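One structure below.
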There are 2 protein chains.
Amino acid sequence: MRNISLALLITLLAPLAFSQSLPQPLNLMPMPSSVQMGAGQLVIDTSFSVGVRDRADSQLQPILELFLNNLRRQTAMPPQDMKITDATQARLVVHAEHGRKAVQELGEDESYSLQITPAGAKLDAATPLGVMRGLQTFLQLVHTSADGFAVPAVTIQDKPRFPWRGLMIDVGRHFIPLDVLKRNLDGMAAVKLNVFHWHLSENQGFRVESKRYPKLQEMGSDGLYYTQSEVRDLIAYARARGIRVVPEFDMPGHSTAWFVGYPELASGPGPYEIERKWGVFDPAMDPTEERTYKFLDKFIGEMTALFPDKYFHIGGDEVNGKQWDANPKIQAFKQAHGFKSNADLQAYFNKRVQRIVSKHGKIMIGWDEVLRPDLPKEIVIQSWRGQASLAEAAKQGFRGLLSYGYYLNLMWPAWQHYAVDPMGDAAASLNPEDSQRILGGEACMWSEYVSPETIDSRIWPRMAAIAERLWSGQEVKDVSSMYARMQAVSGWLEWLGLTHNTSYDPMLRRIAGSDDVSALRTLADVVESVKDYQREEVATVQATSLAPLNRLVDAVRPESMAARRFAGLIDALLAGKADYVDRQEAQSLLLLWSGNASSLQSLEAQSFLLKEVVPLSRNLSKVADVGLQALGYFESGKRPPESWAAEQLAMLQEAQQQQAQLLLMIVPSVKKLVEASAGLPAQK
Amino acid sequence: MRNISLALLITLLAPLAFSQSLPQPLNLMPMPSSVQMGAGQLVIDTSFSVGVRDRADSQLQPILELFLNNLRRQTAMPPQDMKITDATQARLVVHAEHGRKAVQELGEDESYSLQITPAGAKLDAATPLGVMRGLQTFLQLVHTSADGFAVPAVTIQDKPRFPWRGLMIDVGRHFIPLDVLKRNLDGMAAVKLNVFHWHLSENQGFRVESKRYPKLQEMGSDGLYYTQSEVRDLIAYARARGIRVVPEFDMPGHSTAWFVGYPELASGPGPYEIERKWGVFDPAMDPTEERTYKFLDKFIGEMTALFPDKYFHIGGDEVNGKQWDANPKIQAFKQAHGFKSNADLQAYFNKRVQRIVSKHGKIMIGWDEVLRPDLPKEIVIQSWRGQASLAEAAKQGFRGLLSYGYYLNLMWPAWQHYAVDPMGDAAASLNPEDSQRILGGEACMWSEYVSPETIDSRIWPRMAAIAERLWSGQEVKDVSSMYARMQAVSGWLEWLGLTHNTSYDPMLRRIAGSDDVSALRTLADVVESVKDYQREEVATVQATSLAPLNRLVDAVRPESMAARRFAGLIDALLAGKADYVDRQEAQSLLLLWSGNASSLQSLEAQSFLLKEVVPLSRNLSKVADVGLQALGYFESGKRPPESWAAEQLAMLQEAQQQQAQLLLMIVPSVKKLVEASAGLPAQK
């Protein structure tokens, strides 16, 4: 058995290097702590079997069944094949030292060791949770080899860097049905995430059945909510995958939907309607009325009984204070209590709510804004503001989670999320004791612009990059290895029913109003949505929760892999590292784009959804034409006429502006090419 | 409003003709009885609404909700959009004369008339069933127009040609989970089918929970069966879509799985095991023992209570008689009763079973073999043998269904199924009274070679062609119109979650052992499985129910649209009707195929699943090379050397043989090209 250091392994994982040295790359994501390659492989055929060492652990049985189901799906083996057998006969023998906690706990041991030889495999873990994580690694190792399906001989030692690795889904702004959540839980388990943070109430919708306060869902959800039995079903589904479910009920702001049924909770006079627009709104709970806390006590009592997790999220973000300012009674209350600001008033509210949460046996979590030194140190701060905010909390003795940098709705490329580290920036200088308080992080899928049809493609595959950041060592940061593995994992996730890839063509067909979407796909492949909060900022029509999400900006991927590929080719070209095939590919792409506007033209007249992208389509062809000219100059070594570069750069500058909330992602590369062909220094 | 005759309409539906005369083709399938185009269109936006005329019919409410869900999926409108409103305000007003029967009946009125103007739409039907059919037509009319989603102004009168239009799915040989069946029911409803024939027991598995005889499922199913509550759930799901559910329990043959738990039912000594191989097997129920009928009486009593449909299928096919011949007691019984053959003995069995079925209030159906003049005329014959058999039954006074010609597992191209008519061949000469007894037909999905992963692609989109044959007039038979519409419907069916298109790439990735499947897809796109029962006949390894269905033959489509397209180009070329673009396309395709073997080569060494297709891949390139040469000769008008054509034709003959149970579908077209280039007369 050869030892390979982690650094070397990562280098090897770059697909080119790997394909020469090993039969196939190890597309593991998140990357395990230690991987030692062995010789040969273990073949997986219909006779493959799994067994439990020492004792038939009833907790492991369903885990193994789930594992075999996944393995069968990957290999197309019928349900009668591949059995759970006696450990003495099994090809994969699984062992867990202890059982699981009745309710999964923060910090429960997830480590495992996996040893695979051509004769068999052994998976050892302290707990069934570790077994789950190890089995996911095993599934990622399965590949089609010359001798059958197989896993390579390998020894892996693995454990997570952070104990809290989550995904938050906002089901308030857009309701996301249970089956969509379930397939995303499958995806989460596949990349070893362990917390599903369920953002259940918003101005735009209250999404859980309350038996005590039924007007919450009856009047606040448009009928789009989860029954308590569905909630229990989802929690069980998550538990079977080693995932905790942390509910969030956002208060005192973000709560318009509560007030439709219970206007007496609000700080301003009703009646209220479910909010349809996006943004921060005035309605907030009245923190000065005892009836508010009585209501919350009963409500939180009901919900803490429904959600078994130890942690309970109260939101606490973005109260604009306008209702409080406008209410004389609240003003008087502030004065009477000596509160100088609305922040003081909210802190009072938070303290009251914290006592209620604590009374019901739970630990409170809130967003940055809840942080006040006088709250008990057990609460957890979830930071959307950044590591500085998190470090500040840690120094004060509070535990924290990073979500800043992990907002999937901001449509960043994967590398940008990947570069954000919970221990980075201001958190890097924390002392060891304080840094222990950084529990991990959570990606956030805020849902202004996602629907059940599009949500998978906004979460996946980028979520896998964040999952690796939270599981793997800080030194795992090679971006091209990450992209290569993320690409492989993306295809692999399709076995779980995730629709991030398969939803693309149907959406394009709808937009095109035609079965022939080749030209539209060519365009869609090289554009991305505007980033951060620009979709709002550049909107010509105000978006609402009732607007269909069927435009090109909804269909295109958050990150254009075609543009990334093209950028790589141009960079190689300019660095003198492109070979003939690279140059041919760059030229072919430019030729394809150059002719694309005319290919798309025949469809434009027949679809209202295409109208807004006509300028974008024309720009693609114009930019590609310039790219072809620049390539010609560059390759021939001839200098273009003086004015040419300036004119083209001006045009490219123009083409880089958003059109229909979309960005043409090949522009920067063509710019570089123009600059190089004209002998100009490359600009930022 | 212009009147367009049906014949003219069909001509117009050829996509080229249509795109010039109308904004978009009417991709209706099955084609309605009468279509009159109007002027303009009705725009469908978020404010679209549906209402019921005259009264709020509680039966129509769930139908409209299902319709709106489908419409929302097609247009990506949120669930809060598009409401059921008062008829005075609705854009689409629906009306049914009568209610539905408590249990859907054969022959219940399915006719409807649909009138769409730019101001609104009206759907009138005799029954809620007709409303369902009309709403499906409406959904097929929805398209992306320049002014929004829209349906064209049109007046449609429609009713089915046959009252029994079914799909049989064999869940015995491979178990098909409930969710897969449900999405196929959605597909069935979309093309106006009205019978789901559920083939529930086979030698390879007994698939329904019996509470009275639990060893049936406990020992006969590998744990793969439907609970009674699941059965009821599926029946309700089907009913909501206007589909009857006819259960089949095949007897006295095809019943090994019954005997695992109840060997005393068999004609030979046990013990029995679930059959794993395919074919016709010896075990058969003992028709001479009274305990057999007592068992069946109780069993059928239980099942007829579970399945509300009036019809009950007893199979009755393919008894090889070997167990009967080997059993002296049964021989003695035959002699004592004067039975000359095993067919006589089976007829006795059928008569006994028919009385049981009838006693429990149901009408018996059986396959051809059950036909005997002395059975009551109420029974129905399902013919796998052909129209002659059906006509014979009709003349004797029996009603019948055609399944011959509609076996989806034989992997025929759609045109071949489309050409089969229940009233064709021997049935064409029936007198009017007898021909009334031909109730329609059923497509059959026998499941030796389908799994939950592949079944959708074996049923769809070809099922739509058969559905049209059974719904539309006999004169609707333009094959190119059918293909154009089937292609459109195929994409449209994806909104229902059918995976016939989306399962393709993941399966190819599994085979390739790589994310880059472009070369494999190029090959897969031009091959088809061998036809009829050849998969069995040419197998090198005996197939079983435990074998993974993950080979290229499982991934490829039953019909190669790429080869069909290429054949069209070559035919046009040889007929002197190809333009420059056609010729370019033919040449590009040949060039692509010519280079494909070398593209695929890099993957071959790393996948055991690719090994068997290497010769096929090489043949594709060889055949394409010959095609390119022939094209060169043909285009230049130069004659090839004397021996050239003979040599190439010999090679092509060879290349036309199956390899790995796959056929290279471009060979016939290249053959034509070679013959033409050499000035030879085209051969069959």
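The values are calculated or read from the model by the stated rules, or taken from the named source; none is laboratory data. Everything numeric here is computed off the predicted structure, so don't read it as measured data. A quick note on method: Cβ atoms are made from the backbone with ideal geometry, for glycine too, and the neighbour counts reach across all protein chains shown. For the accessible areas, the whole protein counts, side chains as well, though only heavy atoms, and no ligand, DNA or RNA atoms are used. Shrake-Rupley method; radii C 1.70, N 1.55, O 1.52, S 1.80 Å.
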The protein assembly as shown - percent of accessible surface contributed by carbon and sulfur, probe 1.4 Å: 52 percent
Would you list, by chain and number, the lysines whose Cα falls below 26 Å from the Cα of B:K531, excluding same-chain residues fewer than 8 positions away? B:K277, B:K477, B:K611, B:K622, B:K671, B:K672, B:K684
Order B:L106, B:L410 by their accessible area, 1.4 angstrom probe, all chains in place, largest first. B:L106, B:L410
What residues in the range A:68-91 lose 40 Å² or more of accessible surface when the other protein chains are added to their chain alone (1.4 Å probe)? A:A76, A:P78, A:Q80
Rounded to the nearest 500, what is the 222 nm mean residue ellipticity of chain B from helices alone, with -39500 (n - 2.57) per DSSP H run of 4+ residues and division by all residues? -12500 deg cm²/dmol
What FRET efficiency would be calculated for the residue pair A:K277, A:K577, taking the C-beta separation as r and a Förster radius of 41 Å, to the nearest 0.05? 0.20
Count the net charge of all other residues whose Cβ sits under 13 Å from the Cβ of A:R276, scoring Lys and Arg as +1 and Asp and Glu as -1. -4
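At 0.36 nm per residue, minus the direct Cα-Cα distance, what do A:A650 and A:H98 gain on full extension? Give it in nm, one decimal, please.
192.1 nm
Could you report the range B:118-199's accessible area per residue, 1.4 Å probe, as an integer in Å²?
17 Å²
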Could you give the distance between the Cα centres of the range B:630-646 and the range A:110-146, to the whole Å? 60 Å
If you restrict to DSSP beta bridges whose two residues both lie in the protein assembly as shown, what percentage is antiparallel, to the nearest 5? 40 percent
Percent of C-alpha pairs per 20 Å bin, the protein assembly as shown, short to long: 9, 33, 39, 16, 2, 0
Could you please state, rounded to a whole Å, how far the C-alpha centre of the range B:371-445 is from the C-alpha centre of the range A:580-594? 58 Å
Residues from the range B:466-500 losing no less than 50 square angstrom of accessible surface in the full protein assembly compared with the chain alone, 1.4 angstrom probe, ligands and nucleic acids excluded, are B:W495
Among the aspartates and glutamates, which have Cα under 17 Å from the Cα of A:K334 when same-chain residues fewer than 8 positions away are ignored? A:D286, A:E289, A:E290, A:D325, A:D344
The range B:113-244 - share of DSSP beta bridges that are antiparallel (%, nearest 5): 65 percent
In whole Hz, with x marking every Gly and Pro, tabulate ³J(HN,Hα) for the range B:651-665 from phi via Karplus 6.51 cos²θ - 1.76 cosθ + 1.60, θ = phi - 60°. 4, 5, 4, 4, 5, 7, 6, 5, 9, 6, 6, 10, 10, 8, 7
Keeping all protein chains in place and using 1.4 angstrom, which order do B:S111, A:S229 fall into by accessible surface area, from largest down? A:S229, B:S111
Output ordering of B:571-578, B:299-306 (per-residue mean of other Cβ within 10 Å, highest first) is B:299-306, B:571-578
³J(HN,Hα), Karplus 6.51/-1.76/1.60, whole Hz, each residue of the range A:551-557, x for Gly, Pro: 8, 4, 4, 7, 8, 6, 5
With each label point set 7 Å from Cα along the Cα-Cβ vector, what nm distance links B:Q587 and B:S47? 5.5 nm
Nearest 100 Å² is fine: how much accessible area is buried between A and B, summed over both sides, with a 1.4 Å probe? 3200 Å²
Restricting to chain A, compute how many DSSP beta bridges are antiparallel as a %, nearest 5. 40 percent
Cα-based reach from A:K362 at 15 Å (exclusive), listing aspartates and glutamates while leaving out same-chain residues under 8 positions away: A:E105, A:E248, A:D297, A:E302, A:D309, A:E378
The computed P(r) of the range B:606-660 puts the percent of Cα pairs beyond 16 Å at 51 percent
Remind me, relative contact order of chain A in percent, using alpha carbon pairs under 8 angstrom and six or more residues apart? 11 percent
Return the whole-Å distance between the Cα centroid of the range A:178-206 and the Cα centroid of the range B:600-626. 43 Å
Mean separation of Cα contacts under 8 Å (at least 6 apart) over the residue count of the range A:144-286, i.e. the relative contact order in percent, is 23 percent
Value of Rg/Rh across the range B:46-138 [Cα atoms, Kirkwood radius]: 0.96
From highest to lowest solvent-accessible area (probe 1.4 Å; ligands, DNA and RNA excluded), B:Y272, B:Y237 read B:Y237, B:Y272
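Relative contact order of the range A:384-536, please, whole-number percent, based on alpha carbon pairs below 8 angstrom and at least 6 residues apart.
The value is 24 percent.
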Distance check, please: which entries in A:K215/B:K122; B:K83/B:K192; A:K101/A:K294 exceed 26 angstrom between their Cα atoms? A:K215/B:K122; A:K101/A:K294
